[in-house]
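Visitor: Have a look at the structure that comes next, please.
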Amino acid sequence: MIRRYAPRRRYFHSMSTRRARCERQERAPDPESRAGSGRAITDVAQLLSRFLTAWKASAQQDQSDKPKYKICGSIRGHHTNTVTMPSKLNKIQKLVTKKKGKGAKALHENSRDALRIRKASIRDDRVNREHRIRKGANEQWLNRVAWFKDHLPDTLHPFEKTELQAAAEEYLTHMDEEINQLQAERRSGRPATTRQQVLELAKDAEKKEYVSGLWMPNLQDEQTLIKLDAWQYDWLSLSNMGFVRIDSEGLVKEAQFPPNKAA
């Protein structure tokens with residue numbers, strides 16, 4: 001038995017294949033459109049490279065605008081390396097100027113940018129005030145450790161108990177020279193100057209501290225002596241040293257860092 005519909009099925013199958021092939025050819029882009037898409041990709045790549053170049057340049061400028069180390073004499077007679085406090089206000093002002101351009105100087109007082117600038121200014125004032133308070137509280141301890149560093153012997157050796165007490169008693173007289181000079185310069189019948197009163201109060205406080213235990217570096221420890229000799233008069237490096245308290249009777253006890261009443 002001959003199947004007459006078989007060639008017809010093959011015909012329809014070939015027709016569907018031809019139709020699908022034509023549809024694919026119609027959907028396929030021509031060479032000109034392909035070249036146009038390639039140019040578009042090249043333009044996007046160029047824009048991206050320009051953006052990255054500009055971003056790197058702005059990042060380098062921001063790094064150069066950051067605060068650097070400066071020399072600040074926080075210890076009497078010495079210079080210490082301290083870091084300038086970072087300013088939030090400068091950062092916000094740069095952002096607002098970059099956003100507004102010339103209109104950054106004519107902001108509305110209740111606008112979001114103006115509120116950000118006022119908030120950053122208040123924050124900077126609070127941080128600077130707290131920094132001054134901490135610096136003033138720690139200055140007396142820095143000056144004390146600096147005095148013991150400047151009076152180390154030429155040949156480093158661990159101190160005996162009697163030598164440690166003698167060094168503590170010698171420290172209690174470190175203000176006498178300036179007090180005597182202020183007294184000699186003062187005319188008879190005139191009250192003491194403010195500086196003299198401050199020195200006398202500090203001297204009395206140190207004498208009272210010596211009765212219960214004067215805080216000082218542990219000069220009996222060899223490692224502390226080496227670190228104290230190489231100390232650069234900064235506060236954070238003191239955490240690596242050992243400290244003791246010695247009283248008027250010669251009793252020596254280990255002490256902590258930072259001492260009491262230090263920030």
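Visitor: Quick one: divide the alpha-carbon radius of gyration of the stretch 153-255 by 2.2 N^0.38 Å and tell me what you get.
Guide: The value comes to 1.30.
Visitor: Something else about it: Taking each pair of different alpha-carbon atoms in the stretch 204-249 once, compute 1/r for the pair, average those values, and report the inverse of that mean as the Kirkwood hydrodynamic radius in Å to one decimal.
Guide: When all Cα pairs of the stretch 204-249 are included, the Kirkwood radius is 11.5 Å.
Visitor: Identify the GluC sites (Glu not before Pro) of the stretch 145-179 meeting these criteria: DSSP loop state and at most 13 other C-beta atoms within 10 Å of the C-beta.
Guide: The qualifying sites are Glu160.
Visitor: Order by neighbour count: Thr162, Thr97, fewest other Cβ atoms within 10 Å first, most last.
Guide: Ranking Thr162, Thr97 by Cβ neighbours within 10 Å, fewest first, gives Thr162, Thr97.
Visitor: Quick one: which of Lys94/Lys227; Lys149/Lys203; Lys56/Lys227 span more than 31 angstrom between C-alpha atoms?
Guide: Lys94/Lys227; Lys56/Lys227
Visitor: Quick query: amide H of Val244 versus all other amide H atoms, modeled in the peptide plane; which residues come in under 5 Å with a sequence gap of 5 or more or a different chain?
Guide: Met216, Asn218, Ala255
Visitor: Please give me, ordered by residue number, the GluC sites (Glu not before Pro) of the stretch 202-263 that lie in loop per DSSP and have at most 10 other Cβ atoms within 10 Å.
Guide: Glu249
Visitor: By counting other Cβ atoms within 10 Å of each Cβ, how are Ile246, Ile117, Ile226, Ile179 ranked from fewest to most?
Guide: So the ranking, lowest neighbour count to highest, is Ile226, Ile179, Ile117, Ile246.
Visitor: Hey, rough spin-label estimate for Ala114 and Asn90, points 7 angstrom out along Cα→Cβ, what's it come to in nanometres?
Guide: Once both label points are built, they end up 2.6 nm from each other.
Visitor: So which trypsin sites (Lys or Arg not before Pro) in the stretch 201-257 pass both tests, a DSSP loop state and at most 16 other Cβ atoms within 10 Å of the Cβ?
Guide: Nothing satisfies the criteria.
Visitor: Let me ask another. Sorted from fewest to most neighbouring beta carbons within 10 Å, what does the list Thr224, Thr173 look like?
Guide: Thr173, Thr224
Just so you know, all these numbers are worked out from the coordinates, no wet-lab data involved. These figures come from a predicted structure and were not determined experimentally. Ideal geometry is used to build each Cβ from the backbone, glycine not excepted, and the neighbour counts take in all protein chains shown.
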